[in-house]
Amino acid sequence: MRAPDFWQTDAMMARALSPLSWLWRAGAGIRAMTTTMRHPGCKVFCVGNFTIGGAGKTPTAQALYQTLRDLGVEAHFLSRGYGGKLAGPHRVDPTKDTASDVGDEPLLLAQSGPAWISRDRGIGAEAACNAGAQAIILDDGLQNPSVIKDCSFAVIDSGFGIGNGRVIPAGPMRETLEQGLAKIRAIILIGDGNPAFLDTLPASVPILRARVVARNGPAFTGRRVVAFAGIGRPAKFYDSLRAVEANIVETVDFADHHVFHKDELAALRHKATSQDADLVTTEKDLMRLPSTERDGISALGIRLEFDAPEQLVNIVSAVLSDG
């Protein structure tokens, strides 16, 4: 979904909807009280965010996986499998599974390492541990009460911040900032912005600065491209293309996790051909394209680069050595 403009301001609409936020918060509270929390028996690292929409959780999870691997720890990803038909627990097989089976994000994560999907995160976490995982990277599970986490990170897009700071539907927050801060070990702030809410944070909350960089940027330098994306914030993808000096002649936005149809892809190909340009999309969107429809469509690969990578290593090492 596209974030309403009033989510960035304390406008009249946000104030008018504020009472409804209590219903959202009440529902989350009831869920927490009625859910049995359990720990799977291996370390659980959670990558989540305070708001809805794309913040950069997927490249963060991939960076965390690499950090654990460098420390000699066998880590497995665990996702809900949003957009997929399988309930799990199911270990993702990137050679057989499709996004319609397991969702686009788990399929992308499986390109980096072992990945599982499970609607019941607790059962999924236990399945991963039983399969040999020494640590679990829980994707987008900060507000999920079923799994006890050893360490949670909140990923925040520095250009968006936390919006107006209000809880859904008055704002983009899944919970109050106070509730979110109580759950996390650190904030991973992606981008060069300095959102206003940073001034309200207690000094005890570590902030790890990072930025998204292209892995295959030179392949797009100078190329005329029609760029399309069905992610939370498509503008971030287009900015990444501009950063590698791609010549964007047109952009086409789709809803987050959009399932592409043949007629839409045909229309995109026509746009590109008529403008003597190439089609380019995100890696996540590419996961949702049928394999038979991927010819002639390139993906910009990205990774997360930390300003001070030792900060992440120190936090992860401390969690691993605790208990």
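A few remarks follow.
- Positive minus negative residues near Leu142 (Lys, Arg vs Asp, Glu; Cβ under 13 Å): +4
- Taking segment 1-146 and dividing mean pair separation by its residue count, relative contact order in percent (alpha carbons under 8 Å, at least six apart): 32 percent
- Length gained on full extension, Thr200 to Thr9: 67.1 nm, using 0.36 nm per residue less the C-alpha separation.
- Rounded, prolate or oblate (a/c below 1.5 giving rounded, otherwise prolate when a/b exceeds b/c) for segment 1-147 by Cα gyration tensor: prolate
- Amide N of segment 64-101 lying under 15 Å from the label point, which is placed 7 angstrom from the Cα of Ser317 along Cα→Cβ: 67-73
- Of all accessible heavy-atom area on the chain, the percent that carbon and sulfur account for (1.4 Å): 53 percent
- The computed log10 I(q)/I(0) by the Debye sum over Cα atoms at q = 0.07, 0.13 Å⁻¹ for the structure shown corresponds, within (1) -0.41, -1.01; (2) -0.33, -1.13; (3) -0.28, -1.02, to (3).
- Cα pair distances in segment 172-323, grouped into 10 Å bins until the bin that holds the longest one, percent each: 9, 31, 27, 20, 11, 1, 0
- Per residue accessible area in Å² of segment 200-240, where ligands, DNA and RNA are left out and the probe is 1.4 Å: 44 Å²
- Distant-in-sequence amide H partners of Gly54 (H built 1.01 Å from N, under 5 Å): Gly232, Arg233
- Relative contact order of the chain: 20 percent, from C-alpha pairs under 8 Å at least 6 residues apart in sequence.
- Neighbour net charge for Leu286 - beta-carbon separation under 13 angstrom, K R +1, D E -1: -3
- Average accessible surface for segment 1-68: 53 Å² per residue, computed with a 1.4 Å probe over protein heavy atoms with every protein chain in place.
- Rounded to the nearest 500, the 222 nm mean residue ellipticity of the chain from helices alone is -9500 deg cm²/dmol, with -39,500 (n - 2.57) taken per DSSP H run of at least 4 residues.
- The local environment of Val73, defined by Cβ-Cβ distances under 15 Å, has a net charge of -2 under the rule Lys, Arg +1 and Asp, Glu -1.
- Relative contact order computed over segment 135-178 (Cα-Cα under 8 Å; 6+ residues apart), in percent: 21 percent
- Residues within the reach of a label modelled at Ser291 (point 7 angstrom out along Cα to beta-carbon, backbone nitrogen below 13 Å), restricted to segment 63-80: there are none.
The values are calculated or read from the model by the stated rules, or taken from the named source; none is laboratory data. Fair warning: this is a prediction, and the values are worked out from it, not measured in the lab. Ideal geometry is used to build each Cβ from the backbone, glycine not excepted, and the neighbour counts take in all protein chains shown. What goes into the accessible areas is simple: the full protein's heavy atoms, side chains included, and nothing from ligands, DNA or RNA. Shrake-Rupley method; radii C 1.70, N 1.55, O 1.52, S 1.80 Å.
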